[in-house]
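Q: What follows is a structure written as structure tokens; I'll ask about it next.
Please treat every number below as a calculation from the coordinates, not as lab data. No experiment lies behind these values; they were computed from the predicted model shown. Don't worry about glycine lacking a Cβ; one is built from the backbone with ideal geometry, like all the others, and counts go over all protein chains shown.
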């Protein structure tokens, strides 16, 4: 269980990740559920999820919505002018949060240490 706050116009859980197969220590299967709050309450965000075959869906995040993400890569974005908060729950056999980043976007996560070294 955890909480994530995504400011206006920003992404969270990016690069997109998945946890749909047991392949420890690289990845652990977990189903995931989100409970969203949006501020102001009439706002929205989007949860984008997709699989390796390129099949994709977008879930419109509204205040007090719930979404289940059993498989696929996923990520959340807040629309400009709105902030999202979500309480997330993982359910599975393992007590480790091992996730696999989308290999085509994994480079994004590797830029964070470099930017910190540069003082950003």
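Q: Going by how many other beta carbons lie within 10 Å of each one, how would you line up 44, 29, 36, 5, fewest first?
A: Ranked by crowding around the Cβ, least crowded first: 5, 44, 29, 36.
Q: Ok, one more. How high is the relative contact order of segment 2-117? Use alpha-carbon pairs under 8 Å, at least six apart in sequence, and give a whole percent.
A: This gives 40 percent for segment 2-117.
Q: What length, rounded to one decimal in nm, is gained on full extension from residue 117 through to residue 24, with 0.36 nm per residue of separation minus their alpha-carbon distance?
A: Result: 30.4 nm gained on full extension.
Q: Here's a follow-up. In what order do 78, 39 fall by count of nearby beta-carbon atoms within 10 Å, going from fewest to most?
A: 39, 78
Q: Taking Cα extents along the principal axes in Å as the quantity of interest, determine which of (1) 35, 34, 21; (2) 67, 32, 21; (3) 41, 38, 28 was computed from the displayed structure.
A: Here Cα extents along the principal axes in Å agrees with entry (3).
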